[in-house]
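K.L.:
Sharing a structure below in structure tokens format, with a few things to ask.
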Amino acid sequence: MRSGRGWRAFHSEFDRKYFGRMVLLIVITTMVMSLFGLAFETGPTQDIAVDVLNLDDAAPGPSVANAIIARMETGSTVRIVNSWSSSDEDAFQRSMDDLEAGNVEAVIVFGSNFSVGIATWIASSQNATSATPSALILYIDSSNPMAAASVQAEVQRSAQLVVAFSYDLSFPVNVVPVVVYGDGTDMRDFMAAAIAGLLIFILSLMPVLNGSNDDGDEELGSQGAVIAAKTMSSLINGLAMSATVLVVSFLFGLRMEGSLWAVFTIFSLLAMASSSLGLLLGALLKGRAGLTMAIFPLLLYPAILLGGIVLPISSVPSYLLPISYMYPLTYAIDGARLVMLNGFGWDGCWIQLLSLILYTMVCLAIVWFLGRMTARSGAAGKRDKNGR
């Protein structure tokens with residue numbers, strides 16, 4: 001008897017649904033790990049966008065600046081987006097505009113007497129006299145500490161290799177970092193906005209996603225009221241969570257360079273946008289609770305990998321960016337870092353704010369449309385039943 005009951009228990013556990021769930025787990029694991037491999041193909045310390053401003057007057061010898069630039073181009077750490085020379089008007093201002101806009105992480109500037117300074121240093125070393133090393137100025141955005149450290153190390157290494165191989169001398173170049181944004185930022189500051197955004201995203205998405213499976217029988221006229229009530233509830237929850245994030249950030253001394261109200265608004269809108277995404281998915285799943293649990297990893301892990309939590313959006317491969325921008329978390333983290341680390345106000349994050357508002361409106365409009373279609377089909381079914 002006992003063996004029979006044990007066999008039935010095993011038979012009940014390992015039924016067809018079990019093998020279906022196992023296949024689903026294998027598929028989800030394969031997709032997430034493949035996405036990780038694609039997203040981190042270059043990694044956060046490779047393919048970092050920089051601008052180069054080469055003002056070096058190489059007379060009377062070859063340009064050492066050109067040799068250093070060529071050496072950097074052969075590596076994988078930096079990717080030179082724009083390279084300007086002394087003949088380009090307003091080149092410095094244009095490169096600073098790129099840095100301010102977040103198009104590049106650093107601007108590398110070779111002074112007008114860079115090669116001459118190295119030649120002078122070589123002559124002085126041969127004559128046992130002293131000379132000031134040539135200055136290579138690095139204007140850098142330190143709000144991403146990993147990228148900032150990697151760029152500075154690559155510039156230093158490239159300059160040292162060029163001088164060592166070309167002149168068989170020690171390093172006569174002084175790399176001068178000038179922090180434009182994010183001075184003193186560490187990894188805790190960099191991750192703060194991401195962790196806060198991820199927490200609000202999950203806490204706003206999951207309750208609505210799990211609780212929206214019983215809304216398919218709503219009356220046609222009450223559909224808008226139900227959506228409005230859920231949206232208002234998520235906004236109030238978002239206000240509470242955003243205020244909590246700011247209080248905890250203050251208590252732990254996390255960096256907050258920009259407007260508190262801007263960060264507060266970004267995280268509040270993230271809660272509303274995440275809730276609207278949950279409503280949309282719940283309407284599409286139509287009460288299939290099993291699918292809800294299966295689809296959640298496909299929501300969470302791509303959001304972690306592609307939402308800017310560890311890997312900045314600027315480092316995400318271009319062919320994966322459409323997936324990144326399918327998540328409201330992406331806009332919130334990007335905007336929050338601009339405010340918290342770079343010191344921007346409303347003018348620096350208005351695109352992210354507008355994106356979160358539009359994201360919410362589009363999701364809710366689709367939910368409302370699907371609700372009306374469901375209610376109409378249900379009403380038609382009742383009429384047909386009564387008519388019979």
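The values are calculated or read from the model by the stated rules, or taken from the named source; none is laboratory data. Quantities reported herein were computed from a predicted structural model and do not represent experimental measurements. Cβ placement follows ideal geometry from the backbone for every residue including glycine, while neighbour counts extend to all protein chains displayed.
K.L.:
Is it the case that some residue within the range 213-221 is closer than 30 Å to ALA106 by Cα, modelled with pLDDT under 75 and surrounded by 15 or more Cβ atoms within 10 Å (Cβ to Cβ)?
P.N.:
No: the range 213-221 contains no residue that is closer than 30 Å to ALA106 by Cα, modelled with pLDDT under 75 and surrounded by 15 or more Cβ atoms within 10 Å (Cβ to Cβ).
K.L.:
Specify which of the listed residues (ASP183, ASP168) is at pLDDT below 85 and under 17 Å from MET340 (Cα atoms).
P.N.:
ASP183
K.L.:
Restricting the range 332-378 to residues that are of a type in the set (Val, Ile, Thr) and out of contact with any helix residue (DSSP H, G or I) (no Cβ under 6 Å at 6 or more places or on another chain), which is farthest from SER204 (Cα to Cα)?
P.N.:
So, considering only residues that are of a type in the set (Val, Ile, Thr) and out of contact with any helix residue (DSSP H, G or I) (no Cβ under 6 Å at 6 or more places or on another chain), the one farthest from SER204 (Cα to Cα) is THR374.
K.L.:
Give me the pairs, please: first residue somewhere in the range 76-94 and assigned to a strand (DSSP E or B), second residue anywhere and buried (at least 16 other Cβ atoms within 10 Å of the Cβ) and among the small types (Gly, Ala, Ser), beta-carbon distance under 6 Å, and either six or more positions apart or on two chains.
P.N.:
From the range 76-94, the pairs are ARG79/ALA49; VAL81/ALA49; TRP84/ALA91.
K.L.:
Do we find a residue being under 17 Å from the mean Cα position of the chain (by Cα), crowded, with 21+ Cβ neighbours inside 10 Å and part of a loop (DSSP other than H, G, I, E, B) anywhere in the range 261-272?
P.N.:
no
K.L.:
Out of all the residues in the range 229-245, which are under 21 Å from GLY345 (Cβ atoms) and either charged (D, E, K, R) or surrounded by fewer than 19 Cβ atoms within 10 Å (Cβ to Cβ) (or both)?
P.N.:
Hits for the range 229-245 are LEU239, ALA243.
K.L.:
Would you confirm, using the coordinates I've provided, whether LEU209 is touching a helix residue (DSSP H, G or I) at 6+ places or on another chain (Cβ under 8 Å) and at pLDDT 80 or above?
P.N.:
No; evaluated as a whole, the condition is false for this residue.
K.L.:
With respect to LEU298, is the statement that it is under 17 Å from ALA192 (Cβ atoms) and of a type outside the set (Asp, Glu) true?
P.N.:
No; evaluated as a whole, the condition is false for this residue.
K.L.:
Determine which member of the set LEU305, LEU329 is touching a Phe, Trp or Tyr at 6+ places or on another chain (Cβ under 6 Å), modelled with pLDDT of 90 or more and either surrounded by 17 or more Cβ atoms within 10 Å (Cβ to Cβ) or assigned to a helix (DSSP H, G or I) (or both).
P.N.:
Sole residue among the options that is touching a Phe, Trp or Tyr at 6+ places or on another chain (Cβ under 6 Å), modelled with pLDDT of 90 or more and either surrounded by 17 or more Cβ atoms within 10 Å (Cβ to Cβ) or assigned to a helix (DSSP H, G or I) (or both): LEU329.
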